[in-house]
Structures are given as structure tokens and as C-alpha cells.
1. Output the qualifying pairs, or none if there are none: Cβ atoms under 7 angstrom, residues six or more apart or on different chains, first residue in region 34-47 and under 16 Å from residue 143 (Cα atoms), second residue in a strand (DSSP E or B) and among the charged types (D, E, K, R).
2. Quick check on region 62-69. Is at least one of its residues of a type in the set (A, V, I, L, M), in contact with a Ser or Thr (Cβ under 7 Å, 6 or more places away or on another chain) and touching a residue at least 12 places away in the same chain (Cβ under 8 Å)?
3. Consider residue 226 carefully, then state whether it is in a helix (DSSP H, G or I) and either at negative phi or of a type in the set (Ser, Thr, Tyr) (or both).
4. Using the structure shown, decide if residue 96 is exposed (fewer than 15 other Cβ atoms within 10 Å of the Cβ) and not aromatic (Phe, Trp, Tyr).
5. Restricting to region 142-159, and then to whatever is over 14 Å from residue 440 (Cβ atoms) and in a strand (DSSP E or B), can you tell me which residue is modelled with the lowest pLDDT?
6. Residue 194: surrounded by 18 or more Cβ atoms within 10 Å (Cβ to Cβ) and in contact with a helix residue (DSSP H, G or I) (Cβ under 7 Å, 6 or more places away or on another chain), yes or no?
7. Go through region 124-142 and report how many residues are touching a helix residue (DSSP H, G or I) at 6+ places or on another chain (Cβ under 7 Å) and open to solvent by less than 10 Å² (accessible area, probe 1.4 Å).
8. How many residues, within region 105-145, are over 15 Å from residue 64 (Cα atoms), among the hydrophobic types (A, V, I, L, M, F, W, C) and touching a Lys or Arg at 6+ places or on another chain (Cβ under 7 Å)?
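The values are calculated or read from the model by the stated rules, or taken from the named source; none is laboratory data. Keep in mind the model is a prediction, meaning the values are calculated, not measured. FYI the Cβ positions are ideal-geometry reconstructions off the backbone, even for glycines, and counts take in every protein chain you see. Ligands, DNA and RNA are stripped out before the accessible areas are found, and what is left, the full protein with its side chains, is counted by its heavy atoms. Shrake-Rupley method; radii C 1.70, N 1.55, O 1.52, S 1.80 Å.
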Amino acid sequence: MKKVSQKISFLILFVFLTGCIAPVRADASFEIPGTALVQTDTGAACTAKTLDYGYENNTYFSLRDIAMALRDTDKSFSLEITKNAVSLNPGNAYTPVGTENTMWESSENPDISLRRNEFKVSGQTVFYYTLIAKQPSGEYDCFMAAADLAMILDVDITVPGAGILQINTLEPFRISPAALEQAGYFYGVNSVLVGDATTGELYFQYQSDIPYPIASTSKLMTCLLVMDAIAAGQISLSETVTVSQGASALSASADGVIPLEAGAQMTVGELLLGTLLPSSNECALCLAERIAGSEEAFVRMMNQKALELGLSQAVFYNSNGLPSYTDDPVPAKRQNRMSTEDMFRLVSYLLKVYPQVTDMTSLEEAALESLDLEVRNSNPLLRNLPQVTGLKTGTTNRAGACLVTSLAADDGISSHDLVVIVLGTEDSIERGRVSGLLARYALHTFHTGTEKPGAGASASENLPTHAEAAVDLILRTARKQ
């Protein structure tokens, strides 16, 4: 009976995640104002203002209204909201401003946009997309997706009926990817995979054997070859590299990230930081040219390395993941591609052989002293989960928004690298949300052992994928017993 109720809860949670809450509609085409009934397990109930952004049922909830609903519970939080910044402090008492739990004062379409406003939780900056609106009273309110708030507060939220949001303050936040897949949650994503890179064990897969464009997550292969060259003594992190005309031209193009002048010099370490953190295409090109003499020769190395690692679905055309055109009269537009299964093998190898890579990818920002420039990591989950150690974002029109996430976990015996791979979401908003949900699922699964093996896979399919990992799993199991 407990398992049945859990499955029902998971399915209800899916309904909540996809925003299937029928708001009171107004005639508007974008930010549609509405209301929903918010209930808590303490018996409190109130009306919360909602905004459907862009699409009906893409619902964002008033933080002030929900703060009032949770005011006398263990999940209470205080709020400070300005024109473009939010400070949320769990555990603090909320101070009302007089606009909470009221109907919209106007049915007109609010003139606000969904963006990554400055957002702090307990003083720490996090990355979530929100809408901030000024009320007629002059006070500001922030509207946030229920899934994001549930992850911040670590609270269970369900939808028991149309227009009703149930907050269970005594239950932690949980999801079931298998139930979400069954209900269609991943239909807007090309492919996902969640697993333990240390053992090779897979927790969940969705369309993981199909190759898709991978955009700048291609730079993980570039990083691997650079680390190989360092290990072989071919180059060193402190060695200086001269910026070529080609890299300078790429820097000046629409795909440029870091301004580089031809003839300028940067260290290999700085080029790696530029490649991995802000996803500099020109830095990746500089590294490719230094190691192989030309990008064409480096691409041959990338494809050869893919064969050596058994990445059967991987094809590379350049070092950075940008669209690549042939020189035909009618040029073909190509992009690096790979399946999430192949990406998992690549990342598992990279983390096992060169674990120091996370010393770079876990940095929120870094200084490139040669350029007197500070660069920021494009990975949003670094701010949202302390266990996140990397690895790489990627976006092109064809590939969509992609993210490969690594997380540090410890079972009391040894440390593990968990990996979440998400390819082809519609935008960076969905990329962060899907990856954040699956990252929390990965940590919960690792620590509790529930939901194993992954959806649609037999136990034998989830055994480690290479001999060394299999031996490691056997030894760990024996130590536990």
C-alpha cells in the first residue's frame, strides 16, 4: 500500500511540476494573472496569486502569499524583495506588508519578464528564474515556480485538485524520474542520464542511446586531450600559448566569449579555465592549435580518442561545439554529436583519470591574469547545490540547452562522482530545472538505494560498464557486508 501511495504521490507531483494548475484566467497573451488555493498539512489555507508565463499552466506563484501560508510552520521563511533582487531566509518569521493573499487588483497583463534576478537564500547567491512585479501598493512581489521553491525549502508539494497547491511541511522534496517519464515530463528534452561514474551504475536513462548535438559540452573531450598532453609532458599548465589570427577572429565574431588579440599570450591553465568556466570557444581553439598544430588535426585526435573509449555514437567536427560548415557551394551545417551513454563514458573516464579537473570546474569564478580579466562559471547548479563540482554547459539552436553535472557523494567508505547529463532542453531555464531535479534525485538514490535500477532497465543492464568498476563495486559491497 505504501508503494502504491508513493507512486500516486509521484504522479501528482508530476502534475505540479508541469504546472497543471488551472488559474483564474484573464485575457492576456503572456503573463496571465490568476490565483490558486494553497493548503498546508497544518490546516492553514490561503489564496495565492499566480502568473502563467508565456503559456497557459506555466505557473509561477507569489512568494509573499506562500510565505504567509507557511508563516507558522517549520518551513517558514522571511523575504526581502526589491525591484530586481530577492533575499529568502528559511527558518525566519515572515513580516507581512499588506498585499498577501489578496486577489489581483487588475486583470491587465503585467509588464514584467522572467529572468535570472538576483536571488539569495540565507545570504548565499543561487540561480533561479523569477518574475518580480510591483504591486499597486508600491510593494514588490516575486513569482517563482513551485518546483524551484520546493527544492529550496526541501518540502513536498502536490496538487490534489485543480487550482489547489498542497504543501506538506513534514515531508522532504522527492521526485521519481520514472513516473515523470511515464507522464511525459521529458518529452521536451532530447536525452537524460543519471548515474554513478565511480562504479558505472546507472540510476535513470531516457533516450540515452540516441546521438544528439552536444554544443559546448564537446569541450569536455577537448579538456581530456589537454590533460593527456599535460600528463605526457607535451605541455604544462604554466606554459604560455600565443593567440593565433584564427582564434582572434573567432573571438571577434558573434560566437566570441573572451576578447583575444592575435599575438597575445596566455598560459595553458588560463586557457583551460576560459574553456571550462565561461565556455570560451576561442580558448578551446587556442588549446587545439597548440596541441595538434591545427584544429583539423586536433579533431582527428578527438575522434580517435572517442574510438579508444568506445564512444560508438560520438562524432566531432571542431574543438568547441559550434556549428561547423563544409566548404561546399551549398555548405552543410554540422554539429558535434554524442549520446548520453557516450557522454557518461567520457565523463566517467575523465573524472577517474584526471579527478583534478573538478578543481577548475567547481570554481564559481576565476582570474585570467594575462588578460586582467575575471571570468564566471556558466554552470547554474554550482550556486544551488553544495555537492556540485562541475562540469560543463552547452547551447546552440540545434542542440538546445545542455548541461553535464558532476556531484561529490560519500557513502562512508569511499567518495563517488555522480553524474547528471541533460541534452536538448528548450532553454537555460528548463536546463537548470531539469538538471536540478535530477541532481537531487541522484543524491537521494545514492544515499538510500531507492529507485534502482533506472527506468526501463534490468538489474543486469545497470551493472558497471567496465571491469575495473566492477571489481571496485564488488570490493565496496564486501566491505559493507
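1. Matching pairs, first to second residue: 34/52; 35/49.
2. yes
3. The answer is yes for residue 226.
4. yes
5. 158
6. The answer is yes for residue 194.
7. Qualifying residue count, region 124-142: 2.
8. The total comes to 2.
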